[in-house]
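Everything below concerns the one structure shown next.
The values are calculated or read from the model by the stated rules, or taken from the named source; none is laboratory data. None of the values given here were measured: they were computed from a predicted structure. All Cβ positions, glycine included, derive from the backbone under ideal geometry; neighbour counts span all protein chains shown.
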Amino acid sequence: MSWTKKIIIIVSTIALIGVFDYWLWLPKRSPSSKSSDVNQQQNQDIRQDIGNKDFRQESLINNSLPNNIPFRIQPAERLVRENFNLKSSVLLSVPFASQAPYANWDELHNEACEEAALIMAQAWLKDENLTSDKIEERILGAVVWQEENWGGHFDLPAEKIVELAKNYFQIEKIRVEYGVEIDDIKKELSKGNLVLVPTAGRILENPYYRQPGPYYHMLVVIGYNEKEIIANDPGTKRGKNFKYSYENFFKAIHDWPGPLGSAKDEVNILSGRKAMIVIEK
């Protein structure tokens, strides 16, 4: 055998021994490590998908996904304020008052919806009948009180209406609630309480308003049925038991958003909060 062949055989043998030795010392992969790789790939896929899907906590549990994967919980539904069964319909007996009892729509009476609403509330509390004379006298008296105490006759946010109710009309059981929905109003009416609601009057689309309608307006809500809210609306002589669709009524609910004394062209009425004033007997 030539030296060349001997050298080739020796080199080949050494190479085979090296490969065999490397295989012996190579770390073995267990089935669990393969499973871990699969999980890691799944987790990576899930993380990539999170930007496109909302993951509920319960779905994470049910699918046994790893707890350390970030997720977004969908917004919770509005909390139920109390366990209360609404009546199917309500209609309170509330005396009606127009803010212009003698159809004199001058500047004072054009801005007297808050006073007229409180006059109706006071008469309801006292089981009192109203006449045009009584309404006019009380509107003028309330305006004088405001001029003496607040420096003028202004559009009033709900909190100021409560203050006027307590200090001039002697209405004690009265409060304001914000962020209200239709069912909140219906709940108070179902309890037998009276509700006053500040609105962006033009959204109400009452055909009997002097057009284009009041920029800011106060309603006395006295009831509801399956399809409508029922109100005493002081902005028209035809306002007794006036019916508004739920849609128009809810869209119109906005408290006066500006400070006391701010002019209509200085505020955006649609930025006012959803508010109601509740009066209890």
Selected residue (only one of Lys274, Lys191, Lys240, Lys186 is basic (Lys, Arg), assigned by TED's automatic domain parsing to the domain that holds Leu125 and farther than 23 Å from Pro95 by Cα): Lys274
Among (1) assigned to a loop (DSSP other than H, G, I, E, B); (2) within 22 Å of Asn268 (Cα to Cα) - the single one Pro198 does not satisfy: (1)
Residues satisfying the stated conditions in the stretch 152-179, i.e. under 18 Å from the mean Cα position of the chain (by Cα), surrounded by 15 or more Cβ atoms within 10 Å (Cβ to Cβ) and in a strand (DSSP E or B): Val176, Glu177
Strands (runs of 3 or more DSSP E) contained in the stretch 213-281 and holding at least 2 residues among the β-branched types (Val, Ile, Thr): 217-224, 228-232, 275-279
Unmet criterion (only one of (1) exposed (fewer than 13 other Cβ atoms within 10 Å of the Cβ); (2) of a type in the set (Gly, Ala, Ser); (3) in a helix (DSSP H, G or I)) for Ala103: (3)
Selection count, the stretch 123-151, where residues are aliphatic (A, V, I, L, M) and either surrounded by fewer than 16 Cβ atoms within 10 Å (Cβ to Cβ) or touching a Leu at 6+ places or on another chain (Cβ under 7 Å) (or both): 5
Subset tally (residues that are free of Cβ contacts under 8 Å to residues at least 40 places away in the same chain and hydroxyl-bearing (Ser, Thr, Tyr)) for the stretch 226-259: 1
Condition met for Gly192 (out of contact with any Gly (no Cβ under 6 Å at 6 or more places or on another chain) and in a strand (DSSP E or B)): no
